[in-house]
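Take a look at the structure below.
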Amino acid sequence: ILFFAGLFASIAPPAAVSAAGVFATGVFTGSLIWWIMLTAIVAGTASKLSPSVLRGINLLSGFALIGFAVYGLARALD
């Protein structure tokens, strides 16, 4: 939120403040709808999966995040 606030403040001319407000409201509303839908889908499907499948998904996700972090650090150190 602070990133978008700073971005809008730096690139929007004073006359376009209302346009930036409409854009920010649209981004917020779209993100809210996306997260509500995603949460509903995950809540609906998680109850149908066994604990071992959920553990496998969690492990796979964790290793993917670790891999992306290592890749990002390696790229940053080049």
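The values are calculated or read from the model by the stated rules, or taken from the named source; none is laboratory data. Bear in mind that the values here come from a model prediction, so they are computed numbers and not experimental data. For neighbour counting, all protein chains shown are included, and Cβ atoms are generated from backbone atoms with ideal geometry for every residue, glycine included. Remember, those area values only see protein heavy atoms, side chains included, never the ligands or the DNA or RNA. Shrake-Rupley method; radii C 1.70, N 1.55, O 1.52, S 1.80 Å.
Give me the residue from region 46-71 that is exposed (fewer than 10 other Cβ atoms within 10 Å of the Cβ) and outside any loop (DSSP other than H, G, I, E, B) and, out of that set, modelled with the highest pLDDT.
S52
Is it the case, given these coordinates, that A15 is modelled with pLDDT under 95 and surrounded by 10 or more Cβ atoms within 10 Å (Cβ to Cβ)? I'd like the intermediate steps shown before the answer.
Details: modelled with pLDDT under 95: yes; surrounded by 10 or more Cβ atoms within 10 Å (Cβ to Cβ): no.
Taking the combined requirement at face value, the residue does not satisfy it.
Could you list, ordered by first residue, the pairs with Cβ atoms under 8 Å in which the first is in region 18-47 and closer than 26 Å to A5 by Cα and the second is open to solvent by 80 Å² or more (accessible area, probe 1.4 Å) and part of a helix (DSSP H, G or I), at least 6 apart or interchain?
A24/F4; V27/F4
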